[in-house]
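What follows is one structure encoded as C-alpha cells, with my remarks underneath.
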Amino acid sequence: MSSGHSDKSEIVFWQGNEVVAEAAIAAGCRFYAGYPITPSSEIAAVMAERLPEVGGTFIQMEDEIAAMGAIIGASLAGKKTFTATSGPGFSLKMENIGYACMAEVPCVVVNVMRGGPSTGLPTALAQADVMQARWGTHGDHPTIALAPAYHREIYLCTIKCFNYAEKYRIPTMLLLDEVLGHLSEGIQVPDPSEYEIFDRVKPSVPPEKYFPYDSSFGDVPPMATYFEGYRFHVTGLNHNRTGFPTTDPEICQQEEMRMIRKVMKDAEQLAEYEEYRMEDAEVAVFSFGSTARGARVAVDEARKQGIKVGLLRAITLWPFPDRKIYELARQVKAFVVPEVNLGQIILEVERASHRDMPIVGVNRVGGVPIPPGEIFNKIKEVARDGR
Amino acid sequence: MSANRFEARFSAVGGQGVMLAGDVLAYAAQKYQGRYSIQSPTYTAQVRGGPTKVDVIIDDEPIIYPKTTAINFFLSLAQGSYNAFLYDLRDDAIVVVDPHLVHKWDPKYRTYEIPVIELTKNHVGKVIMTSVVALGIMIELTHAVPKEFVEKALLEKAPKGTGELNLKALNLGYATAAELVTVQG
C-alpha cells in the first residue's frame, strides 16, 4: 500500500505539488517552462528554486502555449523537460501537445485538475479533464496518462512519466487533482534503487546516415540531439523518415500507425492498477486519484456490513486497463464508478466491460470531494438492488 | 482509522495565516511525534478576504481519505468562515471563536469566545501572529500534540529571525486557554 511507511524516521512532509517537482528532478529533468496557475503553482515555485541548484533552467513564459513550446524545444536540445498547469492552461497547451505527438518529442505535462469548463473553480477539486487528456489535441495519437493517489505513488509516477516520454518519444501526462496537489502528507522518498531511469535512445549511426524518423531501428526511432551535427528537421506536418513534409498516403498511413503502435503494443503492461479486497467481490468500485482514497474507505465500511465489494484503482488511466475491466465484468455483478465529473471514465468502463450490466456512477462537480459515505450508500444500493 | 484519530479545522479569511498553523501542527505530529498526519487547505481565488480553512488529521494509522469526517477542534476567526465551514464536527467538539468577528455561533458545541486577534495585537504586537496564538490555544485545550514538538516544528517552519516572537505568540495561546479553562471549566 502506497501510503504506508515502514520506517517513519525518514519521512518528509511534502505537499503533492512539491512531490512532483522533487520527483521530476530525481527523474533527470533539468528544464521547466511554465505559466503558474492554481492549483499547480507550487510546482513552478519549487522548480524555480530547485532547478538552478542542480544546474537546470527554469523559465516563466508569457503564457501556457509558449511554455509548452519551450519544453518541446528544450527537449529537442537534449533535456528532459516538463511543464505543469491546470484546466485552462491544459486547454491552451493542446495545440503544442499535438505537435509533440507528431514530431515525436519527449516531454511531460502535469495537469492538477480543478473545476471547469473555462476558469471554473480555480481553487477547487475536479477530475473532469480525463477525456481531454486522451483526446484534447486533434487527430489520432497515443496517450500515456498516469493518475496516482498517494504521495509516494505520485513520486514514482512522475518518474515513470519521464521514462515513458523518453522511451516512446511522446508527451506524457500526469493527472493530479486539487486535493492531491495541495495535500501535505508524510512521504518516504523512494531510494533511487527503487526505480529505473530511462534515457532516450540516441543514434548509433554517423550524421550522414541518420534519419530522425527511421523506423528500421524499430517503432521508436533513435533521437538525435540538436546541435550535435545530426540533420533533424521538425514539423507538425505529416512527414517521411527525413522529417520533411509529405502527403504520400501510404507513408502518412504507415507513419501514423507506427506512432500509435509504438505505445499500444505495450498497452497492457502500461495499464497499471491496484486491486483492493477484490478476491471474492461481487461489486467492483472503479476509481482513481484522490476519489479512490474515499472509495477505499467506503469499501472497508461496506465489507464491515458483509457486502462483498472491492476496489479497482486505476494508476494508469491511458492506456485504459481494458483487459482487467473485461475480466472483472465476468466476476462481478456490478460496477460503481465514483469520479469528480459528471460521468467520463464510466464510459470507458462500459466500453471495456463488453457486457450489459449495471455500471453506476457517483458524481459531483461542486468542487468538493465525494465523501466516503456517499460512495458507501451507492455500493449498498447496488449490492441490494443490482442497480 | 484508530481510536486516537484527531481532527482539527482552522477557518478564517485569506491572509490571516491559518495555513501556517495547520502546517505546523501536522508537521509536528508527523516529524516529532512519529504519527501519521495530513494538512489539507481550502481557499478561494482571492488573495485576501475569501473564506479559507485548513484541515489537519492526526492518526496512528495511515490516513486514507484525506479530508475530515469527525472534527475534534474547530477555530473560526470570521463569521463567514464559521458559517461556511461548521460541518463534520463531532458532538463533543471544542470550538473557539473570536467574538469581535464571530457574533452568531451555534450553542450546540462547547464554544470558547477568545478575542484572539486583539490579544495578539496587544501582547505580541504583530497581528500576523494570530494563527500561532490560535495554535497555542488549541494545543492547551486539546493536548493533541505535546508542546515541545509543536515548538520544534514552529521554529523550523517560521521565517528566519521570527522564532522568538513566534514562541511568544504560542505561549500567549497556552496561557490564555489555561486561564479560560480555569474560569469556565
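Quick note: the coordinates plus some simple rules give every number you see, no bench work behind them. Only a predicted model underlies this, so the values are computations on that prediction, with no experimental measurement involved. Backbone-built Cβ (ideal geometry, glycine too); neighbour counts: all protein chains shown.
Key figures for this structure:
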item	result
Convex hull projection area averaged over all views, segment A:100-245, Cα basis, nm²	10.8
Unit charges at the beta carbon, dipole of chain A: most positive-side option, A:113, A:312, A:60	A:312
Span per principal axis, largest first, for the Cα atoms of segment B:6-51 (Å)	35, 14, 13
Dipole of segment B:63-185, positive direction: furthest Cα of B:161, B:136, B:83, with charges on the beta-carbon	B:161
Loop trypsin sites (Lys or Arg not before Pro), segment B:101-171 (other Cβ atoms within 10 Å of the site Cβ: 10 or fewer; DSSP)	B:104, B:160
Karplus (6.51, -1.76, 1.60) ³J(HN,Hα), θ = phi - 60°, over segment A:140-152, in Hz, Gly and Pro reported as x	6, 6, x, 9, 10, 9, 10, 9, x, 10, 10, 4, 5
Built amide H within the under 5 Å cut-off of residue A:317, gap 5+	A:145, A:146, A:147
Over chain A: helical MRE at 222 nm, DSSP H runs n ≥ 4 each giving -39500 (n - 2.57), nearest 500	-12000 deg cm²/dmol
Backbone N under 15 Å from the residue A:45 label point (7 Å along Cα→Cβ), restricted to segment A:114-157	A:123
Chain A, Rg to Rh (Cα coordinates; Rh as Kirkwood inverse mean 1/r)	0.98
By average C-beta atoms within 10 angstrom, highest first, the peptides A:147-154, B:96-103	A:147-154, B:96-103
Segment A:272-385 - charge dipole about Cα centre, Lys and Arg +1 at Cβ, Asp and Glu -1, debye rounded to 20	180
Derived scalar couplings ³J(HN,Hα) [segment B:73-86; Karplus, 6.51 cos²θ - 1.76 cosθ + 1.60; whole Hz; x for Gly, Pro]	9, 10, 10, 9, 10, 7, 4, x, 6, 4, 5, 6, 10, 7
Equivalent ellipsoid, segment A:8-194 (semi-axes from 5 times Cα gyration tensor eigenvalues, Å)	22, 19, 15
Principal axes of chain B: Cα extent on each, largest first, Å	41, 41, 39
Cβ-based exposure ranking for A:296, A:323, in which fewest neighbours within 10 Å come first	A:323, A:296
Distant-in-sequence amide H partners of residue A:85 (H built 1.01 Å from N, under 5 Å)	A:110, A:111, A:112
Using θ = phi - 60° and Karplus 6.51 cos²θ - 1.76 cosθ + 1.60, couplings along segment A:179-185 (whole Hz; Gly, Pro as x)	4, 6, x, 9, 6, 9, 8
Per-q log10 I(q)/I(0), segment A:308-360, q = 0.15, 0.30 Å⁻¹ (Debye; single scatterer per alpha-carbon; no solvent)	-0.37, -1.55
Residues whose placed amide H lies under 5 Å from that of residue A:121, excluding near-sequence neighbours	A:115, A:116
Length-normalised contact order for chain B - Cα pairs under 8 Å, 6+ apart - percent	21
